[in-house]
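Okay, so here's the structure we're looking at.
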Amino acid sequence: MAEFCFDCLEKQGQEDNQPMKREDFIISKDLDLCEDCGEMKPVVIRYKRRLIIAERLREFFQRR
């Protein structure tokens, strides 16, 4: 999986018109190399589980 810092991930989300909040992600405590900007920063590990569940529920109810 690619490792991106939140700032770079947020830039990519703005291009896709997807608003992102830092609290919606689990971010590493240690520094790692961001594959986009090449700086040593905390990187995004994954979405928080509650966010994924909420998205699937919205999709389910929109189909009905």
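What follows draws every value from the coordinates through simple rules; no lab data is involved. Remember, predicted model here, so these are calculated numbers, not experimental data. Neighbour counts run over all protein chains shown; Cβ positions are idealised from the backbone, glycine included.
With the alpha-carbon atoms as the only input, what is the per residue convex hull volume for the chain in Å³?
Per-residue hull volume (Cα only) is 93 Å³.
Any idea what angle helix 6-15 forms with the longest principal axis of the chain, computed on alpha-carbon atoms, 0 to 90 degrees, nearest 10?
50
Once the Cα atoms of helix 49-63 and of the chain are each reduced to a long axis, what angle between those two axes, in degrees from 0 to 90 to the nearest 10, is obtained?
For helix 49-63, the angle is close to 30 degrees.
Taking 7 Å along the Cα-to-C-beta vector as the label spot, tell me the GLN62-ASP24 distance in nanometres, rounded to one decimal.
Here the answer is 1.2 nm between the modelled labels.
What's the magnitude of the charge dipole for the chain around its Cα centre, counting Lys and Arg as +1 and Asp and Glu as -1 at the beta-carbon? Answer in Debye, nearest 20.
Values: 13 positive and 14 negative charges, 141 e Å.
For this selection, approximately 680 debye.
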